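Read through the structure below, which is laid out as C-alpha cells, and then see the notes.
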Amino acid sequence: MSKYLLDKFLYTVDRDPGLVERYREDPAGTVTWWEQEMAGKLLNCVDVEQTTWLAFTDEERRALREHDHVRLFEMGAHPFLTLTLFIGMFERDHGPLEYQRAYARALSHLSMPFPDIAT
C-alpha cells in the first residue's frame, strides 16, 4: 500500500476540473488511466523523470473506483484531500453543507487515534 500514491492521485485529480468530472463520471476508467499514465511521473512535471515501481494495490484501486472515502481514510489517505475532491464531485447533488455532513457521518464510527495520515 502506498499512502503517497493515494494522496498523489487525490491531489492531482482535485487540481484539474476536467479530471474531477472524468473521475465523477468514469471512476474505473480514470483510475486505470491515471495509474498507467500519471502514477510513474515524478513530481508530475517532466516526462523523462519516471518510475515504474508505483502502483495501486487491488484494495486501493477498488476504493478509488467506488469513491469509497471511508475506506480511503482507513487506508491512510489524507481526509482533506478526499473531502475537497469529493466536494467538487458531489456537493452539487446536495443542499448546502449536506454532503459535508454526510461525509462526516460516514466517518463517525472511527475514533481516535485515527489512522496515520503521514506520508
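What to note about this one:
- Enumeration of residues in region 69-78 that are surrounded by 17 or more Cβ atoms within 10 Å (Cβ to Cβ) and in a helix (DSSP H, G or I): His69, Leu72, Phe73
- Subset of region 82-112 (residues that are of a type in the set (Ser, Thr, Tyr) and either modelled with pLDDT under 90 or over 17 Å from Val20 (Cα atoms) (or both)): Tyr99, Tyr103, Ser108, Ser111
The values are calculated or read from the model by the stated rules, or taken from the named source; none is laboratory data. None of the values given here were measured: they were computed from a predicted structure. Here the Cβ is made from the backbone with ideal geometry for all residues, glycine too, and neighbour counts use every protein chain on show.
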